[in-house]
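See below for the structure under consideration.
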Amino acid sequence: MNNLFENLLQKADSEGPLAAVELLVEHFRSTSQYIELFESLKMRNRLRYGFSAVARDNEPPFSAEHTELLESGLIEACREVGIGLLKAGNLHDGWMYMRAVGDNNAAREALAGNTIDSENLDAYLSIYIQDGVDIQRGVELTLEHRGTCNTITMLESMIAMRDRGDQQAGVGPLVRHLHAELLESLRADLARRKLPPSKVQPPSNLGPIASLLNAYPMLLDDGSYHLDTSHVASTVRFARVLDDREDLMLALDLARYGRQLHTQYQYASEEPFQDLYLMSSYFFSVLLGDNVEACLKPFLQKAESLDINEHGSIGIETYVDLLSRIGRHEEALQFLLKRMPRGTRPFGVAPSLLELSSLSHNFQPMLQQSQQRNDLLGYAAALLQSKSI
């Protein structure tokens, strides 16, 4: 250690402060002393641009150029130190530095190789889910360590507060987990009954669960079920946010299982999914491109018949959302313009009028409607958006 002090003094005397601080940086970096490394990086950053190593109270204001350079250097220091601390398992301090960087990809990579146990699980879940660093990994960990019920409860509180991408990242693992769990339970039931699952030849339009039930409908006789039915219902409900084809196929398989459960397990849901499993089957089929027109029809009927005063615009929005998600943006735009009552507060299920105008490359209907309704802001938004894309 004494040699380090001597070397530092010698470097400062012979080559100057910047050379000395480089020696300091390399020492703290090589010994993984990250807090000290951060302070030495701050000093190096200031010395590089001609300032004193440590800030002074009477320091004159920086120019705009120097302010930008110093801030950029500080962010890079936060990145190096934050990554080092996260890799070392010091989540509290590591995330304090990485939060300032705003690079979730780097944080994910730094955390990827760490061992997670009951002692540090809460800290990982806080970063992965609450801070949004890796929602998919967070949900996977919750399923692994706390089970399906706790995961569903967590998603119930999280889902409405996140954008569609985060929702999909959270729901996808749940759908995959629950489908695998249910399929395993069904196969175990077959084994108990000494029925051969290998003889089941799944039709091309059925998933593995629906195929088993198609071959052995008695598996659900007398109110039998193979998994907590409330878990199945919640997962099917969550799955509406999905776009991934493989996940949607699993969700459809779960919905078809739900349709064959005893009536006491056919839980009512909110419109237009009051008949949860039937309407969900139609919904997933539309997104999968299977019998689209026939499966869209029930949603059109709901959109046209549900009482706005009782249900709000959810029927309209669900139909518009479906049309847009299968690429029929112009049709969705026209239907929204025609059916959405003026002054109705949307649920946010469907793309907005402006979003649909952008997707369909047709702003004229919104411009006309905004002018008719004396909506200057809406008119300006459509006009300016049309000129900027």
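The values are calculated or read from the model by the stated rules, or taken from the named source; none is laboratory data. Small disclaimer: the values here were computed from a predicted structure and weren't measured. Every residue, glycine among them, receives a Cβ derived from its backbone with ideal geometry; neighbour counts consider all protein chains shown.
Before moving on, here are some points about what is shown:
- Enumeration of residues in the range 250-273 that are surrounded by fewer than 19 Cβ atoms within 10 Å (Cβ to Cβ), in contact with a Leu (Cβ under 8 Å, 6 or more places away or on another chain) and either farther than 18 Å from Ile152 by Cβ or free of Cβ contacts under 8 Å to residues at least 24 places away in the same chain (or both): Arg259, Gln260, His262, Gln266, Ala268, Glu271
- Members of the range 274-313 that are in contact (Cβ under 8 Å) with a residue 40 or more places away in the chain and either closer than 25 Å to Leu337 by Cβ or assigned to a helix (DSSP H, G or I) (or both): Leu276, Tyr277, Ser280, Phe283, Phe284, Val286, Leu287, His311
- Test: residue in the range 39-49 that is free of Cβ contacts under 8 Å to residues at least 40 places away in the same chain, among the hydroxyl-bearing types (Ser, Thr, Tyr), farther than 30 Å from Gln130 by Cα and crowded, with 19+ Cβ neighbours inside 10 Å: yes
- Residue identified as closer than 30 Å to Asn120 by Cα and among the basic types (Lys, Arg) among Lys11, Lys87: Lys87
- Gly50 being modelled with pLDDT of 90 or more and on the phi > 0 side of the Ramachandran plot: no
- Of all residue pairs spaced 6 or more apart or on separate chains, those with beta-carbon atoms under 6 Å, a first member in the range 121-145 that is assigned to a helix (DSSP H, G or I) and a second member that is charged (D, E, K, R) are Tyr128/Asp134; Tyr128/Arg137; Ile135/Asp166.
- Condition met for Thr235 (surrounded by 17 or more Cβ atoms within 10 Å (Cβ to Cβ) and more than 20 Å from Leu287 (Cα to Cα)): no
- Matching option when the condition is closer than 22 Å to Leu248 by Cβ and out of contact with any Asp or Glu (no Cβ under 7 Å at 6 or more places or on another chain), among Glu310, Glu330, Glu317: Glu317
- On the stretch given as the range 134-164, residues that are over 19 Å from Glu181 (Cα atoms) and of a type in the set (Asp, Glu) total 3.
- Candidate set: the range 87-104, residues that are of a type in the set (A, V, I, L, M, F, W, C) and part of a helix (DSSP H, G or I); chosen: the one surrounded by the most Cβ atoms within 10 Å (Cβ to Cβ): Met98
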